[in-house]
Structure formats: structure tokens, C-alpha cells
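Single-structure report; data block below.
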Amino acid sequence: MADLAVEGRAVGERQEGFEPQVVGFLCNWCSYAGADLAGTSRLAYPTNLRVIRVMCSGRVDPEIMTEPFLHGADAVMVLGCHPGDCHYLSGNYQAEQRVRTVWMVLDHLGIDRGRLYLDWVSAAEGARFADMVSEFVERVKALGPAGGGPASKEGLSRDEFTFRAEVSRRVVAGERFRWLVGRNKALSEEGNVYGEKVSPEKAGALMQSVIADECVRAAIEVLAGEAPVSVRDIASRLGISAQIVLEQAAYLKRRGIIELYDVLGRSPRYVLAGARA
Amino acid sequence: MQASTVQPRIGVYVCHCGLNIAGVVDVVAVRESASSLDGVVIARDNKYTCSEVGQKTIADDIREFGLDRVVIASCSPRLHEKTFRALLEKCGMNPFLLEMANIREQCSWVHSGDSEAATEKAKALVRSAVARARLLTPLLRSEGRVVPKVMVVGGGVAGISAALYLGNMGIKTYLVERQPSIGGHMAMLDKTFPTLDCSLCILSPKMVEVAENENIEVLSYSEVEKVEGQVGDFRVQVRRKARYVDEDKCVGCGDCAAKCPVRVPDEFNRSMGERKAIYIPFPQAIPPAYVIDAEHCRYLTQGKCRVCEKVCERGAVVFDQTDRVETIEVGAIVVATGFQPYDASKKPQYGYGRYPNVITSLDFERIICADGPTHGKLKRPGDQATPKRIAFIQCVGSRDEHRLDGAGAYCSRVCCMITAKQAFMIKEKYPDSEVYVYYTDMRTAGKGFEEFYQRGRGEGIVFVRGKPGEVREEEDGSLRITSEDLDSGCILDLSFDMVVLAVGLAPPEGLVELAQRLNLSRSADGFLLEGHPKLRPFETSIDGIFLAGCVQFPKDIPDSVAQAGGAAAAAAATCSRQKIEMDPLGPVIDEDLCIGCRLCEMLCPYGAIKVEKTDRGYKARSIEVACKGCGVCGASCSARAITMKHYSNDQIVAQTKALLEVS
Ligand SMILES: Cc1cc2nc3c(=O)[nH]c(=O)nc-3n(C[C@H](O)[C@H](O)[C@H](O)COP(=O)(O)OP(=O)(O)OC[C@H]3O[C@@H](n4cnc5c(N)ncnc54)[C@H](O)[C@@H]3O)c2cc1C
Ligand code: SF4
Ligand code: SF4
Ligand code: FES
């Protein structure tokens, strides 16, 4: 589904009057304290960022990273303590693993990964925080509004962007994806259940193939949830071969996630299981 | 963890904080927008919400309107969340039904140039807080035990003072020092400003008091390796390095050292003298026991010798000692690991380490000390001649705005007074000598300090304003300094017999690792970060861990001792508590969803979640006392079976949506 990526406009043509909406998830102990210090030191930065405080960057579920895009956010920041400084020892390493894999999902769906930002801010880095926010907001302005059509880097319409954001949210909520994210680092460091170490390249390729499958499945679910659809409809909507869609649709049907709705002409149409009632 | 289905009754309080918030944000507009939100039964704006009047208003409203959620839009929750939670508790509400919107630190103070946008942002932050408040659930705090003991890490004057305050209060205290003796830098000083007391004469009695106090246990030659647990109940692993001498048997007679064949530069005398491989750092050391320097001992490096073992009549030398790791339980920790002098060899322009007659202020303390390598005679290291013309260069490693060569941007605070003291001592002992001080500004704030400095000026010490670019060595070993005198505008080109570099105070070696073990933050200057720069100067961001002395920032002895008193009092207060209440922020596991994949167990940094066999297969169980509430398990669970208390996905998603709503 990489061919989902549409050629967008060149980055850099700034949009007049575009004020991006940025949601930030900041850990209580370092980055939120750093943001407070920017305040205590009266260091100005743009009003675009709105912060949600969490105890640790390791609390930020991939779902939480993708959710804002469904509600109109143009970008998301995840900020934690510097490596080695996490109040809970290793939460920020988990955050890093997650952001890296969510980036892969966004890449696959043709959403610019620059809309999801990860960085570290210590409790003493008020000035760094203020600069970071200012620079990030500038970069998002250059990307253009999420779903801003030709005015955005990705060239996606509002509806298409939301559709893809919804697909991404479902992918990262999936069991297989989450298991791999959680095991990714350990796989290359400790090895799998047979003690075989997996090279980072191989782990990456595995992740890539899981993402490819899951994106198609999630897209089928979303579309079948809207109205009865045929494999051909889906394939043409996603711009991928009917064969791939058929394989994944068969899988979803076996798992009882979608079911046959009717047969229109010679094409069977599917809906989400239970939706017919 | 289902939020109640009954419509919540929320009270919203928008704080003016005087003009701190109201001067930028239109608080009335924020209050008005809040009052129309779902579930809000009363919204007010107050001048100072945290004041008694402000708190009373909330208490009255809780009663009158039957509020079951409170939202306060004010300063950072890091400042006042505790205050308002306590208020809710006083009013009979569960403290976790409070939510704060940070419209000061993260709004009015950073957006003062754009009132309109700041007001819109404040509205959004309040909307988000209300959305979250709707979904808050009452939580019960769990209780932890309190071990009424304290560990003090670092045995300089700050650590010694803290340990004595605690020991005298009857609290069992462990004093962990990485060197073979306690004493720190103060033990190396000759006299102390501004009164010129002999340093060891005032420190040594305190060190003896430590040794004699039955509540204090000195763990010398030891280092903290690992820290677990939380306030009231820390478990600290301390590595006790092999000393190869039985502390209890050694009486410090020194027969061993007299026979030891290995000579090593003596670090206590800044390598200007020698010691043996078996040695005592200085005569007044506590514990008063010898120690074998394993790196240089002939037996330990080459397998032959053991002379000391033979001559020790008390059989105190024990070569089969090895490092031991002890686990010690304490309720509070005081960190007092001090500083290290800035390494002057990093500034090659001054020639330290290359020119023998360029020394540091700490070297000078040893040279001028009666117990030092020259028995208190002022002799320069190059040729043992008595220098006649001496120059001091200030701010070496301090006040360097570009932080070149590992220098600090900060002022080390004590170096001006150290130089004033040392210059004065030279003039006192050798009235004919000529003393020049090259300085940036002389900073002598402190009781009796300015008076002392003026006394020095009266003795004919020459103060030159300006930082010399370099020191050059001449063929005869004398040192040349060319520098502009900023006061007169003249170029001074002078020759000296000896140059003393007034080195700054830098964070001590190993502080990065220690901070990580204790989970403490460091400030931009590299020292440990205090709880609040003004109001919590000896606390840290971790409950139950306190700071004393130079590890927080350079300071002199009286300030170090004062801070030690504060830290000791705070540690004692922790120990006097019956129990510690812990925030219940852990996971709730839905066993219907859990597939027993063990991801949570593998990722939890504290082993606080374990998968166990149950009638329904393998299921995860939370171990509440071990859990710190980071949320890693909840964010990772492959089956999304975990809900985090107080930071659930539902709550966070509701906040997200509310933030992005177009108002
Ligand atoms: C040249 C010079 C002259 C001075 N003259 C004066 C003066 O005249 N008057 C005055 O008021 N002040 C003076 N000062 C300042 C004074 O030395 C300090 O204020 C004082 O020593 C601070 O005490 P402290 O306990 O904080 O640190 P320190 O004296 O540095 O003690 C810290 C202790 O902690 C130990 N330690 C370090 N890391 C660890 C670890 N990881 N684990 C266990 N233990 C550890 C160290 O070995 C040391 O024993 C002078 C300083 C210098 C450099
Ligand atoms: S919240 Fe953190 S500490 Fe508690 S069980 Fe989950 S991962 Fe472990
Ligand atoms: S990660 Fe989730 S599904 Fe896996 S064992 Fe833990 S709670 Fe159960
Ligand atoms: S607490 Fe800041 S990243 Fe974990």
C-alpha cells in the first residue's frame, strides 16, 4: 500500500495564516518540568502547542500518538527525559521504540513522519524547550495543514487524511503490531524464543511486512464499517491489487471480523461482522 | 475503572494569580467558556485560588453545590497539586478527583505578547481538564512502611554535619564515603576564611565525634551501586571496597608503612609528596586505619612481598579480603558528594602540568599547611625556592560563557575569598613578597567577607582587573604575564616566581552515574538539581532524597553546614512518619482480555507485574507495592488489557479531543 503515497507539493512554500494545532505529550519529571521552567524564565514560544501531562513518555501508547490526527491535530510531540534519565529508568526507550515503528506506519500510509516528533528535554532545559517548540511549529507550517489537499506536503484531502489516520490508529492497536514493538529491541539483543538473535535489518523487514498486512486489514475494516463493499471497490480505493485485498479479506472473514453482506452482480460485498443486525 | 454514569458535578476555578495570569489571559472569558461545558455546575474566577480565601470558596462550593470534581486553572500542578488534593481531602472528597490546567507556566508566562491567543489556549486547556475530570475515578492510596534510618552519601564537611545532626537526634545513620577516610576537601585546607581558623583543628573534632556517635556507622572506601524502593523504604546496595586491613584491629601505628617498599605520589598532598602502598591518607583520618592501595601494592600486583603482613603485630593486614556488596535499608538519603576542583590542565594557556611553578589554589593549601609537603614553608615546586613575586589568576574554569575546555558558565562563589585568604596569608608570613591578583570582579558577599578583603587590600596586595590570556615560562623558570589592566587601560608586562590558578568548583567525578542510580536530575551546570530554586533548596524531585553541600552548587563551609542541617531535619521528618502514603497509579488488568503474552512482565522496569497461572490460563497480576505507576505496561500490552489508573487511554483521548475542539 506504499503506492498510497500521493505526490505532494514541495516543502517550504509556507501557507499564509496557517496556525498548526500541535498536541504534546510530556512526561511529568523532565520535559513537563522543563516546560514549566521556560515559563518561570518567561521564555516566549508559539501558542500552537497544547500539552497533556503524563507520568512518563513510556506511558504514551502508539494509539495515543495517532489519535490526535483523527481530531484535527496537524502534529504531535512526544517529549521525555534524556536517555538514562527517565524517572522510571527505561520508559523513554520504550517511547523511542514506539515512535520509530509508528513512523514506519505513517510512511507506509503516505503521512509525513515529520508530523510525529520525539525528543528529550531535561528539567533544566527551559530555553531548549522553548526553542524546540518554536522550531517544530515552523517545520509543521512548512508541511502544511494535515489533510490540506494540495496545500499540504502529502497532498491528501481532509477525508483521505482522516481515513488514513484511522487506519494507522487501528494498525497500532493491533496485537501483532504491539507485540513486535514491545519485543523489537529484545529480539535483536536477546534473541527469539529459540535464542536466535535477529539482526536489526531483519527485525525491520519483519515489522515492515506486518505493517503492510495490517494496513490493508485495517483499511478493509474501516471501509466495511462504512457501507457494504466489494473487494474490487476496496482495491480501487486503496490503489492496490485485488489479489492482496482478497487475501486479507479472506483472513478477516475467517476470523469473523467481516462477513458477507450480499452479492451484487458477481461480486460479493462485505460488512463488519454483526453490522447487519 | 468505569467512570460513573451519573452526570458529574464539576466546579471550575480560574485563578488570576494577581496579574501573573490575569495580566495576559482574559480570565473572565475563560471562566465563561468553562461554565458552558458539560457537567460544570459552577465556574468562578479568583484572585488567588491557593490563598485561604480562595480555598474557602472551593470548600463552600463543594458543600453547597455537592461538587464531586474540582478543576483548577492556575499555576503548574507540579507546584500546587498537593495543596489542592489536601483541600479536597479536608472536604471529604477523594483527592484524585482534582484536575489542574496549567495556565500560568505554560500559558500566560510564555505568551505575554499575544493575549488573544493565550486566552484561546487557556480555554482549550480548561476544556481538556474538564473532559478529563469527567472521567476521573476515586482512588485509594496504598501505604508503605518507613525504615527510620538515613544514609548520607559523601563524607565531606556537609556529610559529616548531616550525619551528626541525625545521629544526635537518635536516628541510625550510615555515612558512605568513597575515599578511605571521611573529611573531604576541608581536611586538605590550611586555614579557612574569613576568620583564619586552622581547618583540620575545627574539622577533626567533628570527625572524631562521628566515629564515637553510637548511631552513626561510617562505611568508608565504599560506593553506592544501586538504589531501589521509594521514600521511607529505600534499599541501597553499597560496594565496600577491599581495604586489605581489618579496620577493627588496626591501631594506626604505621609499622607497616615504615617497611613497605613501594612509594607512590601522595594524592592528599596533591602529588607533591610521597606515600607508601599501605598508607593512611592523613594522620587524623577517620576511620583511623591504614589501607592498601591495590593498584600499587607489590604483592597484589606481582604476587611477592607481604612485608606489611609480617610486621603488623596485631595481624590487621588481611590479603584475602575482597569487595563486598551490602544491602542497606533506609527511609531517606542525603546526598553530599561535594565537588572536584576544575582540572586546570584543560587550559593549556596557563601551563598547569607543564610549568612546575604554576599551581592551583588547592595545591597552595597543601604547600602553606604545616602538615603539608613543605611543612608550611612557602616553596615553589620547581626548585623549592621561596617565591618573592606571586600572581593569582581568578576564575579559571568559572564564568566562562562559552564553557570552553569543560569550564562552567557559573561563578564558583568561593574562589575570590580563597584568593583573598591565600594572598593575605602570604603577606602575613612573608611581608616582603609582592602579590598580584588578576581578577574579573571581586565577589565577597558573606558575613565578614568584605571586611576581610579590605584588610588584604590594606596589606599592599595589588589587584589587577583583567583575565590574562596566557602564562609564559622564561628560561630561569620565572613566569611572564602580559595583561591589560582594565581599570587604568595600561598593558602590564610582569614577571613572577610562582602563579596560583584560582580553580573553580566543578561537579564531582562520578556524579552522572550516581545521579542516574538515585534517579536525580542535574541542572545545566552539572550539579544536582534542587526541588525548587528558592523554596526547596535542599530537596530533590524525588521524595526522601535530600541535598547538602557543594553537590548542589559551589558554596563555602558555613553554607554547606547550614544546608546539611536543613537536609538532616528533612530526612529526620521523613523518618518520624508512621507510614508513607503512595499514589495508586498502577495498572488494572482485565483478565478477560489478557492473553498471557508476558510483554508487560518483560517491559516493567520494576518487576511489578507478573504473569501467573490461573484457572483461566496465564494472566498478568499487578504487584502494587513494587509498582511506580510509569504506565509502560499499559502502553505496551499487546491485547490492550491494561488500564492505567488516573492516566487511562479514555481519559487521555478525552483530553486530546477537547484540546482540539474548535471553540
Ligand atoms: C582551594 C580551596 C580553598 C577553600 N577554602 C575555603 C575556606 O577558607 N573557607 C570556606 O568556607 N570554604 C573554603 N573552600 C570551600 C570548601 O572546601 C567547601 O565549601 C566544602 O569542602 C564543601 O564540603 P562538601 O562536603 O560539600 O564537599 P567535599 O569537601 O568535596 O566532600 C565531598 C565528599 O564526598 C565524597 N564523595 C564524592 N563522590 C562520592 C561518591 N560517589 N560516593 C561516596 N562519596 C563520595 C568525597 O570523597 C568527599 O569526601 C575552599 C575550597 C577550595 C577548593
Ligand atoms: S505501571 Fe510501570 S511499574 Fe507499574 S506495573 Fe506497569 S510497567 Fe511496572
Ligand atoms: S501484556 Fe497484556 S496481554 Fe500480555 S500478559 Fe501483560 S496484561 Fe496480559
Ligand atoms: S519519566 Fe520522563 S521519560 Fe520516563
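The values are calculated or read from the model by the stated rules, or taken from the named source; none is laboratory data. Computed from a prediction, not measured in an experiment: that's the story for all the values here. As a convention, Cβ positions derive from the backbone with ideal geometry for all residues, glycine included, and neighbour counts pool all protein chains shown.
Observations, loosely collected:
- In a residue-by-residue description of region B:114-134, the property of being under 30 Å from B:A654 (Cβ atoms) and more than 14 Å from chain A (Cβ to nearest Cβ) applies to at least one position.
- Considered as a group, the residues in region B:623-645 that are in contact (Cβ under 8 Å) with a residue 60 or more places away in the chain and more than 15 Å from ligand 4 (Cβ to nearest atom) include one that is nearest to the chain's Cα centre (by Cα), and that residue is B:V625.
- From A:R115, A:R164, A:R128, A:R158, residue being in contact (Cβ under 8 Å) with a residue 40 or more places away in the chain and not assigned by TED's automatic domain parsing to the domain that holds A:G34: A:R164
- Hits in region A:75-108 - residues which are touching a residue at least 24 places away in the same chain (Cβ under 8 Å), within 16 Å of ligand 2 (Cβ to nearest atom) and aliphatic (A, V, I, L, M): A:A95
- Across region B:96-107, the number of residues qualifying as more than 7 Å from chain A (Cβ to nearest Cβ), in a helix (DSSP H, G or I) and under 31 Å from the mean Cα position of the chain (by Cα) comes to 2.
- Test: residue in region B:303-325 that is closer than 26 Å to B:G372 by Cβ, more than 16 Å from ligand 4 (Cβ to nearest atom) and assigned to a loop (DSSP other than H, G, I, E, B): no
- Any hit, region B:449-456, residues being small (G, A, S) and either buried (at least 20 other Cβ atoms within 10 Å of the Cβ) or within 14 Å of chain A (Cβ to nearest Cβ) (or both): yes
- Of the candidates A:G149, A:G174, A:G182, the single residue that is at positive phi and not aromatic (F, W, Y) is A:G149.
- Residues of region B:251-277 that are surrounded by 18 or more Cβ atoms within 10 Å (Cβ to Cβ) and free of Cβ contacts under 8 Å to residues at least 24 places away in the same chain: B:R275, B:K276, B:A277.
- Residue list for region A:232-266, filter: closer than 26 Å to A:D159 by Cα and either in contact with an Asp or Glu (Cβ under 8 Å, 6 or more places away or on another chain) or in a loop (DSSP other than H, G, I, E, B) (or both): A:G239, A:I240, A:S241, A:Q248, A:L252, A:I257, A:I258
- Among the residues making up region B:121-157, those that are over 22 Å from B:A34 (Cβ atoms), touching a Cys at 6+ places or on another chain (Cβ under 7 Å) and not in a strand (DSSP E or B) are B:V146, B:P148.
- Annotation note: of B:A289, B:A294, B:A257, B:A285, the sole residue that is of a type in the set (G, A, S) and not in a loop (DSSP other than H, G, I, E, B) is B:A257.
- Residues in region B:562-574 that are buried (at least 21 other Cβ atoms within 10 Å of the Cβ) and in contact with a helix residue (DSSP H, G or I) (Cβ under 9 Å, 6 or more places away or on another chain): B:Q563, B:A564, B:A567, B:A568, B:A571.
- Checked against (1) in a loop (DSSP other than H, G, I, E, B); (2) farther than 30 Å from B:R443 by Cα; (3) of a type outside the set (D, E, K, R), B:T574 meets all criteria but (1).
- The one condition from (1) within 15 Å of ligand 3 (Cβ to nearest atom); (2) surrounded by 17 or more Cβ atoms within 10 Å (Cβ to Cβ); (3) within 11 Å of chain A (Cβ to nearest Cβ) that B:H646 does not meet is (1).
- Condition met for B:A626 (farther than 20 Å from A:V78 by Cβ and at the interface with chain A (Cβ under 7 Å from one of its Cβ atoms)): no
- Scanning region B:482-524 for residues that are within 14 Å of another protein chain (Cβ to nearest Cβ) and either under 26 Å from B:K379 (Cβ atoms) or not in a loop (DSSP other than H, G, I, E, B) (or both) returns B:L511, B:V512, B:E513, B:L514, B:A515, B:Q516, B:R517, B:L518, B:R522.
- Some residue of region B:569-587 being touching a residue at least 40 places away in the same chain (Cβ under 8 Å), of a type in the set (D, E, K, R) and within 16 Å of ligand 4 (Cβ to nearest atom): yes
- Residues within region B:428-445 that are buried (at least 18 other Cβ atoms within 10 Å of the Cβ) and either out of contact with any helix residue (DSSP H, G or I) (no Cβ under 7 Å at 6 or more places or on another chain) or assigned to a strand (DSSP E or B) (or both), tallied: 6
A quick yes/no check of all residues on (1) at positive phi; (2) more than 14 Å from chain A (Cβ to nearest Cβ); (3) not small (G, A, S):
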{"residue": "B:F527", "(1), (2), (3)": "no, no, yes"}
{"residue": "B:P533", "(1), (2), (3)": "no, no, yes"}
{"residue": "B:T540", "(1), (2), (3)": "no, no, yes"}
{"residue": "B:L547", "(1), (2), (3)": "no, yes, yes"}
{"residue": "B:G566", "(1), (2), (3)": "no, yes, no"}
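- B:D248 surrounded by fewer than 21 Cβ atoms within 10 Å (Cβ to Cβ) and either closer than 30 Å to B:Y299 by Cα or under 24 Å from the mean Cα position of the chain (by Cα) (or both): yes
- Put simply, of A:L43, A:L26, A:L79, A:L37 the only residue that is more than 10 Å from ligand 4 (Cβ to nearest atom) and more than 7 Å from chain B (Cβ to nearest Cβ) is A:L37.
- Remark: B:V146 falls outside the filter, which requires a residue to be within 19 Å of the chain's Cα centre (by Cα) and away from every other protein chain (no Cβ under 14 Å).
- Of the candidates B:P537, B:P558, B:P554, the single residue that is under 30 Å from B:Y410 (Cβ atoms) and in contact with a Phe, Trp or Tyr (Cβ under 7 Å, 6 or more places away or on another chain) is B:P554.
- Condition met for B:Y606 (under 24 Å from B:L140 (Cβ atoms), surrounded by fewer than 21 Cβ atoms within 10 Å (Cβ to Cβ) and among the aromatic types (F, W, Y)): yes
- Residues being of a type in the set (V, I, T) and closer than 22 Å to A:E201 by Cα - total across region A:162-189: 3
- Any hit, region B:30-47, residues being among the charged types (D, E, K, R), touching a helix residue (DSSP H, G or I) at 6+ places or on another chain (Cβ under 6 Å) and on the phi < 0 side of the Ramachandran plot: yes
- Exactly one residue out of B:G629, B:G607, B:G596 is in a loop (DSSP other than H, G, I, E, B), in contact with a strand residue (DSSP E or B) (Cβ under 7 Å, 6 or more places away or on another chain) and not basic (K, R), and it is B:G596.
- Of the residues screened, B:S576 is one that is away from ligand 2 (no atom under 16 Å from the Cβ) and not hydrophobic (A, V, I, L, M, F, W, C).
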